[in-house]
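Reviewing the structure listed below.
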Amino acid sequence: MGYQDSDVLLFFLILGVIIFIFGKKKNPGSSVPPPPPPAQARQEEAAPPQDASRSAGMEQREMPAGETQQFADAGAVKGLFVVVTADDAQTQLMAMSLSTQVKQKGKSVRILLCDDAGDLAMKGSKEVVLKPIDKSPQMLMKNLMSQGVTVEVCPFFLANKTFGSPADLIDGVAIAKPPEVADALLEPGIKLFTF
């Protein structure tokens, strides 16, 4: 049985009506506004430029001082997670020195010693006193620990060391547990420093 032109035309007409109805249900009130009259268009052109956030469609509002401060602090840095692997005393000292500065600014610090830097946590390890502060990395690390900073050695450090056991670690240094380290690294507001 063949189709006539009127059947094809009727089919497309019905299809158009269905698309129109379903399109209206998905986007109610989405009709395109008419263009502004010429006088209004000239007035908009003469208006002063808005700031970037407004032009990007971001609504701004006045906030009380406390609310503004709270909003500004929402993404603030809470502290550092410092991973030290270097065997170089100057690099180790810089890691401890920056950690000390951050702690003095009231932020949290957590230190993980891995690879050759793990020796910093061993009792009787060689200390290199460096200028201009005449201190060793171990001195600064112990001072940080006295202020409540957590210092840990990588769990693979002692396991792969030819000598040494947990008893050989400086008092207060623990062996890191990977799940706890992962949680600390993922905590909002914590920045990672590696040396």
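The values are calculated or read from the model by the stated rules, or taken from the named source; none is laboratory data. What you see is a predicted model, and the numbers here were worked out from it, not measured in a lab. When we count neighbours, we look across all protein chains shown, and the Cβ atoms used for this are built from the backbone with ideal geometry, even at glycine.
When ALA167 is tested against (1) at pLDDT below 95; (2) small (Gly, Ala, Ser); (3) closer than 21 Å to THR91 by Cα, just one condition goes unmet, and that condition is (3). Select, from LEU112, LEU158, the only residue that is crowded, with 16+ Cβ neighbours inside 10 Å and not in a strand (DSSP E or B). Exactly one of LEU112, LEU158 is crowded, with 16+ Cβ neighbours inside 10 Å and not in a strand (DSSP E or B), namely LEU158.
Within segment 65-111, the set of residues being among the hydrophobic types (A, V, I, L, M, F, W, C), at pLDDT 95 or above and more than 20 Å from LEU185 (Cβ to Cβ) comprises ALA89, LEU93, MET94. Here ASN143 meets each of (1) closer than 14 Å to THR85 by Cα; (2) in a helix (DSSP H, G or I) with one exception, condition (1).
Here's a check for you: in segment 115-155, which residue that is of a type in the set (S, T, N, Q) and surrounded by 13 or more Cβ atoms within 10 Å (Cβ to Cβ) is nearest to the chain's Cα centre (by Cα)? It comes out as THR150. Taken over segment 94-109, the criterion of being surrounded by fewer than 16 Cβ atoms within 10 Å (Cβ to Cβ) and part of a loop (DSSP other than H, G, I, E, B) is satisfied by LYS105, GLY106.
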